[in-house]
Every structure is written in C-alpha cells, then in structure tokens.
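Just below is one structure, and these are the notes that go with it.
The values are calculated or read from the model by the stated rules, or taken from the named source; none is laboratory data. Values in this document were obtained by computation on a predicted structure and should not be read as measured data. Here Cβ is always computed from backbone atoms with ideal geometry, including for glycine, and neighbour counts include all displayed protein chains.
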C-alpha cells in the first residue's frame, strides 16, 4: 500500500487476470533502475478488486496506489500496526483531523508553511525519530557511557526526561568504553616457590567498614598471610587509623613465635 505510487504496479504476472498487452510509458524505480509498462490487468482477493494494474517485468515489488483506491470512493486509513481500506461513505470527524494534505494529481501534498485551522494544539512528530550518530554519541556520554540497549530501553519506556529522540545507534569506537572494559592480564602461575622460611614474605590487606559490626563494635578487618606457611592472622579494628599500631604489635608476636625476622611485606599501599 503506497501513498507515493500514482498507479497500481506489479512485477508478478501470476497475480493478474484479463491481462492486456500495452506499450506503456517508462517507470523509474529507486536508484537508477526502471522498466516499461508492457501489460495491464485486474487483481482481486474475492473481497475487493483492483483494475488497471500495470505489469512491469523489471519490478520486484507490488504497489497498490492509495490515490487509485480512493478514486473508487473507498477510504484508506493507516495506523501503527496496519492499513485499513474502509467502505464508501466513511467520514472522519473534523475534531479528529490534525493536518490535511490535499491531493494534487495523484499525490498528497502537505504544506508545512502554516498550520491548518483544524489543528487543536501543537503536536510533535519527532519524538520517535532515529538519532544521528553525533546525537547518539552525545547522549551516550551524558548517560554515563551505558550500553546502547540500555539507552534505548530508557527512552522507549519514558524513564528519562528531555531526550527528543527514541532510537540510538552507536559505532563501535567509544574509546572510554573500551578502556573501561579492559581486563588486566593475570600473572602467569609461579612454578617454583622461592620462599624458604616463615615470615620471608607477608601479604596483607585491610577491608571495611563492614555492614555488620563485631560484638566489640569493630568495623574493619586486617588480614595478614604468611607466604610460606599460608597461615593467616586476622585483627579486628574499630577505626582505620589503628592499623599501624596493630601491625607493630602483631609483627612482634610473629617474630617471637618463629624466632625469625620479617623480610618482605606486600600490600596495596
């Protein structure tokens, strides 16, 4: 169903009956393609029939002209999900008419230079427009570099205000996203352990504050692990600035226990 087609046209001869061979005019298609009308016939589905359907061998699609259908006193109504051909006599109430596009020859021309008298209020038809690449990149940055699917989900469900487009598309060259998604390559496994004695290397980490405090009200935990024995010490702390003093006490206990000095400490600063 094509409101831009001035005549019914098809490239499938099997759809027509009562075909008459004619030497018609040349019809241009999209791009530089085209073909000449070589026949004309009728098309029907036992409910409605269309006459004067032009047959063009080179045409790979079938077009029904809206203007030609309306010439038979039928009305055509387009919706978001379908196109309806209405029986003769149907009339749209004036209060439902937003714009009028009068027919000029076989096409419908809309004059956007002035509003029609029947326009009840201003309307916006660009809210569902497809965003340009520049707009998509701009909103991708404004939304904190979220995924393109999440961007479209937000605007399709009206979860964000002030976005005047509904469909985003992004090229795969966002440097910030690529850097953020990089994963540091892990260290290769160490086949030979060079640590020969306890306290030769200690690993330590401090975490907190935890959601649930200890019985004594401590919110931080200091974990120290000996590389050689894999034995771990856990010290609970009330405040983060207690770490240094707690380590000094713990180190003395370790050196007294093993009667060895601490050689290396590994931490994340």
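Annotations for the structure displayed:
- Selection of the stretch 82-91 for residues being surrounded by 10 or more Cβ atoms within 10 Å (Cβ to Cβ) and without any contact (Cβ under 8 Å) to a residue 12 or more places away in the chain yields only 84.
- Selection status of residue 67, out of contact with any helix residue (DSSP H, G or I) (no Cβ under 9 Å at 6 or more places or on another chain), within 27 Å of residue 90 (Cβ to Cβ) and in contact (Cβ under 8 Å) with a residue 24 or more places away in the chain: yes
- Scope the stretch 144-163; condition in a helix (DSSP H, G or I) and touching a helix residue (DSSP H, G or I) at 6+ places or on another chain (Cβ under 8 Å); matching residues: 148, 151
- Checking each residue in the stretch 221-269 for being assigned to a strand (DSSP E or B) and over 46 Å from the mean Cα position of the chain (by Cα) picks out 224, 225, 226, 232, 233, 234, 235, 236, 237, 264, 265.
- In the stretch 41-68, the residues that are assigned to a loop (DSSP other than H, G, I, E, B) and surrounded by fewer than 18 Cβ atoms within 10 Å (Cβ to Cβ): 45, 46, 47, 48, 57, 58, 60, 61, 62
- Any hit, the stretch 211-220, residues being under 38 Å from the mean Cα position of the chain (by Cα) and exposed (fewer than 13 other Cβ atoms within 10 Å of the Cβ): yes
- Residues located in the stretch 136-154, provided they are more than 19 Å from residue 181 (Cα to Cα) and either more than 14 Å from the chain's Cα centre (by Cα) or modelled with pLDDT under 85 (or both): 138
Each row is one residue, and each column tells you yes or no for (1) in the same structural domain as residue 259 (by TED's automatic domain parsing); (2) in contact with a strand residue (DSSP E or B) (Cβ under 8 Å, 6 or more places away or on another chain); (3) more than 30 Å from residue 265 (Cα to Cα).
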| position | (1), (2), (3) |
| --- | --- |
| 141 | no, no, yes |
| 153 | no, no, yes |
| 163 | no, no, yes |
| 185 | no, no, no |
| 192 | no, no, no |
| 208 | yes, yes, no |
| 229 | yes, no, no |
| 232 | yes, yes, no |
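- Subset of the stretch 165-181 that is in a loop (DSSP other than H, G, I, E, B) and either closer than 15 Å to residue 137 by Cβ or in contact with a strand residue (DSSP E or B) (Cβ under 6 Å, 6 or more places away or on another chain) (or both) - its residue that is modelled with the highest pLDDT: 168
- Test: residue in the stretch 117-127 that is at pLDDT 75 or above, surrounded by 12 or more Cβ atoms within 10 Å (Cβ to Cβ) and in a loop (DSSP other than H, G, I, E, B): no
- Residue match in the stretch 104-113 (condition: in the same structural domain as residue 8 (by TED's automatic domain parsing), surrounded by 12 or more Cβ atoms within 10 Å (Cβ to Cβ), within 40 Å of the chain's Cα centre (by Cα) and not in a loop (DSSP other than H, G, I, E, B)): yes
- Just one of the numbered conditions (1) closer than 30 Å to residue 131 by Cβ; (2) in contact with a strand residue (DSSP E or B) (Cβ under 8 Å, 6 or more places away or on another chain); (3) part of a loop (DSSP other than H, G, I, E, B) is not true of residue 198: (1).
- Residue ID - surrounded by the fewest Cβ atoms within 10 Å (Cβ to Cβ), chosen from residues in the stretch 230-264 that are in contact with a helix residue (DSSP H, G or I) (Cβ under 9 Å, 6 or more places away or on another chain) and closer than 15 Å to residue 202 by Cα: 261
- The lone exception for residue 18 - which of (1) surrounded by fewer than 14 Cβ atoms within 10 Å (Cβ to Cβ); (2) in a loop (DSSP other than H, G, I, E, B); (3) touching a strand residue (DSSP E or B) at 6+ places or on another chain (Cβ under 7 Å) it fails: (2)
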